[in-house]
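Have a look at the structure below, then the notes.
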Amino acid sequence: MSIKNNKFYITTPIYYVNAEPHIGSAYTTVAADVLARYHRMIGDKVFFLTGTDEHGASIAKKAKEARMEPQKFVDEISAKFKFAWDELNISNDNFIRTTDPKHKKAVQNALQYLYDKGDIYLGKYEGLYCRGCEQYKSEKDLVNGKCPDHNKKPEKASEECYMFKMSKYSEKILKKIKSDEFKIMPASRKNEILNFYKGGLKDIAFSRKNVKWGIPLPWDKSHTAYVWADAFLNYITGIGLSGDKKDKLYFKNSAEKWWPADLHLMSKDILRVHSTIWPAMLLALDLPLPKQLFIHGFFLIDGKKMSKSLGNIIAPSDMVKKYGVGGARYLLMSATSFGHDGDVSFEKFDEKYNADLANGLGNLVARSITLVEKMQKANLKMKVTKFEDLLIGKQRKDTKSYLKYYKENLVKLKISQSLNVAINTIKLMDGHISSEKPWEMIKNKDEKVGEVMYNVLERLRIIAWMLLPFMPDTAEKIWSQLGINSAKEIKKDFNKATKWGGLSPNTKIKKGESLFPRI
Ligand code: MSP
């Protein structure tokens, strides 16, 4: 199938609907969007999946607290995620919900397949049970060994459950991780997982008897599917895999076009499950493993992870209100080096917004358009220059390869570094204008100003291309001020469009509103 040659299937985790979206989940989603848009821009066939994870005891508990039916509760919160992603201009191709009837049916088909194969068997679940919550708790849920909601130590308990033979796949997965056939990035994360595999994988509980808010097992309806088993399958049900026996290729058929995923993006909190349970499930289903997991850092507030349980969250909509959609996306992507933790706050965002966007990009665009207007009033015309004609020394070296750096960084998922290339080019152009002093040239009727200003505007056109995956609305506004029809520009091939000389020297510039008013 030819699509396989240049396809790019990217996913985010599906987010829990026990709380509203915050900029931590927005971070992964915008990063995935940047990569999806970049791959579309270079002509790849892209499928970008995100969605919500809606089953399980803790979500049922939240619904109960809100005195709502679970379905109604999850409908409301899932809609808030959809709304937040719309507001942030996310270009996902599907939004999967684990309560979608098609997903539920496909999960049942998948689990039945594993049961028939003998990879799921009846066993016993043992854990720490809190009577108050009527839930098993993991060590992570406890504070000083006690359930934080009931201030009581949970009791050891056990119950009948179905187990998944994860141990059977341990060796096979380990080999694939080692060889990078199943790549875990950054390398430090891969090492962490290789260490974890030293003990081998153990079988795990794959069903629960007393959790009603879940997908019933088709062969024993008194059990519901383990939430992670249900959740992981979104990555294949979201691209249309049904697991219906009537399909000629059974599991492979409908997903074949996009599967395996090229990239699962996430943070470190869910790395371990993604590098153990998920690949084991795929091998058991006779499906290939995803090509790569990339693990980015956490957004921290005063050194602590931003999370719904700590309540130290910033809402994406508050950022969009304050900085505009392009501004919010820029600030999220540049907040920290991709792959590392970073402290965020409105103070930091304000500072960066003013420096890079209001005084940087926004000012450069406004200043350049005003200069060209003045120049034209003085009857001076723009003139095409050769690439870099007007830059000297180190500046010349930096700009020569700026597009190369930009692309290389994106391929290596150095997302923030790639954005930096665009920002540095903006700084360089600012410096260039200040040193050339085109306003004096205009006063002196020096025709050379036509070359100086062409150089600036043409570079702005190319900077807008670099910004397109990051801040699509901003890129279009820049083109429009340069007198370019953005609907036509976008359709061009990125590599051809970024060749020097694309801007007509007779372009009709259109001064627009300030892109980023100062805060
Ligand atoms: N539902 C599971 C995932 C199932 S995927 C098959 C889940 N949901 S979650 O809502 O808790 O999302 C966790 C993910 O949200 C993280 O891996 C990360 O992508 C993102 N983030 C949540 N908080 C974050 C920060 N404070 N900083 C950066 N990313 C954050 O786990």
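Is it the case, given these coordinates, that Asp86 is within 17 Å of Phe232 (Cα to Cα) and open to solvent by 20 Å² or more (accessible area, probe 1.4 Å)?
no
Return yes or no: is Lys4 modelled with pLDDT under 95, open to solvent by 10 Å² or more (accessible area, probe 1.4 Å) and assigned to a helix (DSSP H, G or I)?
yes
Those residues that are among the hydroxyl-bearing types (Ser, Thr, Tyr), touching a residue at least 24 places away in the same chain (Cβ under 8 Å) and more than 9 Å from the ligand (Cβ to nearest atom), I need them from region 1-56; list them, please.
Tyr9, Tyr38, Thr50
Restricting to strands (runs of 3 or more DSSP E) lying wholly in region 151-237: which have 1 or more residues that are within 25 Å of Thr50 (Cα to Cα)?
The qualifying strands (runs of 3 or more DSSP E) are 183-185, 220-225.
Taking region 484-504 as the region of interest, how many residues are open to solvent by less than 40 Å² (accessible area, probe 1.4 Å) and either farther than 20 Å from Gly326 by Cα or in a helix (DSSP H, G or I) (or both)?
7
Scanning for something open to solvent by less than 10 Å² (accessible area, probe 1.4 Å) and modelled with pLDDT of 95 or more, does region 440-448 turn up at least one residue?
No, because not a single residue in region 440-448 is open to solvent by less than 10 Å² (accessible area, probe 1.4 Å) and modelled with pLDDT of 95 or more.
Have a look at Ser317, Ser309 and point out the one that is hydroxyl-bearing (Ser, Thr, Tyr), within 17 Å of Tyr15 (Cβ to Cβ), open to solvent by 20 Å² or more (accessible area, probe 1.4 Å) and within 14 Å of the ligand (Cβ to nearest atom).
Being hydroxyl-bearing (Ser, Thr, Tyr), within 17 Å of Tyr15 (Cβ to Cβ), open to solvent by 20 Å² or more (accessible area, probe 1.4 Å) and within 14 Å of the ligand (Cβ to nearest atom) holds for just one of Ser317, Ser309, which is Ser309.
What's the number of the condition Ser334 fails, among (1) of a type in the set (Ser, Thr, Tyr); (2) more than 16 Å from the ligand (Cβ to nearest atom); (3) open to solvent by 10 Å² or more (accessible area, probe 1.4 Å)?
Tallying (1) of a type in the set (Ser, Thr, Tyr); (2) more than 16 Å from the ligand (Cβ to nearest atom); (3) open to solvent by 10 Å² or more (accessible area, probe 1.4 Å), Ser334 fails exactly one: (2).
Of everything in region 211-235 that's among the aliphatic types (A, V, I, L, M) and within 11 Å of the ligand (Cβ to nearest atom), which residue is most open to solvent (accessible area, probe 1.4 Å)?
Among those residues, the one meeting the criterion is Val227.
All but one of (1) of a type outside the set (D, E, K, R); (2) over 18 Å from Leu263 (Cβ atoms); (3) surrounded by 18 or more Cβ atoms within 10 Å (Cβ to Cβ) hold for Ser58; which doesn't?
With (1) of a type outside the set (D, E, K, R); (2) over 18 Å from Leu263 (Cβ atoms); (3) surrounded by 18 or more Cβ atoms within 10 Å (Cβ to Cβ) applied to Ser58, the lone miss is (3).
Could we say that Ala32 is of a type outside the set (Phe, Trp, Tyr), open to solvent by 10 Å² or more (accessible area, probe 1.4 Å) and either closer than 23 Å to Lys305 by Cβ or touching a Leu at 6+ places or on another chain (Cβ under 8 Å) (or both) here?
Here the answer is no, as Ala32 does not meet what is asked.
Tell me, please, whether a residue that is among the charged types (D, E, K, R), at pLDDT below 90, within 24 Å of Ser309 (Cβ to Cβ) and touching a Leu at 6+ places or on another chain (Cβ under 7 Å) can be found in region 116-136.
no
Kindly indicate whether Met266 is over 25 Å from Lys117 (Cα atoms) and open to solvent by less than 40 Å² (accessible area, probe 1.4 Å).
Answer is yes for this residue.
Within the group Lys445, Lys488, Lys508, which residue is out of contact with any Leu (no Cβ under 6 Å at 6 or more places or on another chain), of a type outside the set (Val, Ile, Thr) and without any contact (Cβ under 8 Å) to a residue 24 or more places away in the chain?
Going through Lys445, Lys488, Lys508 in turn, the sole match is Lys488.
Please go through region 340-355 and pick out each residue that is touching a Lys or Arg at 6+ places or on another chain (Cβ under 9 Å) and either at pLDDT below 95 or open to solvent by 30 Å² or more (accessible area, probe 1.4 Å) (or both).
Asp341, Phe346, Asp350
Report yes if some residue within region 465-477 is touching a Leu at 6+ places or on another chain (Cβ under 7 Å), over 27 Å from Phe338 (Cβ atoms) and crowded, with 22+ Cβ neighbours inside 10 Å; otherwise report no.
no
Among (1) closer than 27 Å to Lys7 by Cα; (2) at pLDDT below 95, there is one condition Ser309 misses while meeting the rest; what is its number?
(1)
Check region 115-134 and report whether any residue there is of a type in the set (Lys, Arg) and either touching a residue at least 60 places away in the same chain (Cβ under 8 Å) or buried (at least 19 other Cβ atoms within 10 Å of the Cβ) (or both).
yes
Would you tally the residues in region 311-336 being within 19 Å of Asn359 (Cβ to Cβ) and small (Gly, Ala, Ser)?
Going through region 311-336 one residue at a time, the tally reaches 6.
Looking at (1) assigned to a loop (DSSP other than H, G, I, E, B); (2) out of contact with any His (no Cβ under 6 Å at 6 or more places or on another chain); (3) open to solvent by 10 Å² or more (accessible area, probe 1.4 Å), which one does Gly243 not meet, given that it meets all the others?
Against the list (1) assigned to a loop (DSSP other than H, G, I, E, B); (2) out of contact with any His (no Cβ under 6 Å at 6 or more places or on another chain); (3) open to solvent by 10 Å² or more (accessible area, probe 1.4 Å), Gly243 comes up short only on (3).
Looking at Met281, Met266 in this structure, which one is outside any helix (DSSP H, G or I), of a type outside the set (Gly, Ala, Ser) and within 14 Å of the ligand (Cβ to nearest atom)?
Criteria check complete, one pass: Met266.
Looking at Ser78, Ser25, Ser91 in this structure, which one is over 30 Å from Asp141 (Cβ atoms) and hydroxyl-bearing (Ser, Thr, Tyr)?
Ser91
The values are calculated or read from the model by the stated rules, or taken from the named source; none is laboratory data. For clarity, every value in this text was computed on a predicted model and none was experimentally measured. Methodologically, a virtual Cβ is constructed for each residue, glycine included, from the backbone with ideal geometry; neighbour enumeration extends over all protein chains shown. Keep in mind that these areas ignore ligands, DNA and RNA; they rest on the heavy atoms of the full protein, side chains included. Shrake-Rupley method; radii C 1.70, N 1.55, O 1.52, S 1.80 Å.
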